[in-house]
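The values are calculated or read from the model by the stated rules, or taken from the named source; none is laboratory data. Computed from a prediction, not measured in an experiment: that's the story for all the values here. As a convention, Cβ positions derive from the backbone with ideal geometry for all residues, glycine included, and neighbour counts pool all protein chains shown.
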Amino acid sequence: MAYPVEFKEKAVELANSLNSINRASIILGVAYNVLKSWKEKHDKGEDLKHRSGGKRFEKIDKEKLKDYIDKNPDKFLEEIAEEFGCSKTAIDKALKNMGYTNKKNYKL
């Protein structure tokens, strides 16, 4: 779970007032490296807001994806991902979660 921005700002202020990231991390119970990265971002003027990794495969509408796959069985993952506005990995995970596999039965 991500820390609130207000907590991160107060943690950086505490580290600055103590002149020690180590002491502030012990007082707050936050890992030294985490507090150090917050301080570095703050000093550069960057936002301390938590950044999400993108759209998760759980958020993809399974019915729409199933309909799309049924209508377009020959589409590549990249093309499906572009259609749904997410990553290729998200589509791959959603399809595996729905029971689709990428195995092919080739007859020689």
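Pairs linking a residue in region 74-94 that is in the same structural domain as K62 (by TED's automatic domain parsing) and outside any loop (DSSP other than H, G, I, E, B) to a residue that is hydroxyl-bearing (S, T, Y) and surrounded by 13 or more Cβ atoms within 10 Å (Cβ to Cβ), with Cβ atoms under 7 Å and 6 or more positions apart or on different chains, are I80/Y68; A81/S87; E83/Y68.
Restricting region 7-40 to residues that are closer than 21 Å to R51 by Cβ and of a type in the set (V, I, T) leaves a set whose member that is surrounded by the fewest Cβ atoms within 10 Å (Cβ to Cβ) is V34.
A quick yes/no check of all residues on (1) crowded, with 16+ Cβ neighbours inside 10 Å; (2) modelled with pLDDT under 90; (3) at negative phi:
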position: K71; (1), (2), (3): no, no, yes
position: I91; (1), (2), (3): yes, yes, yes
position: A94; (1), (2), (3): yes, yes, yes
position: G99; (1), (2), (3): no, yes, no
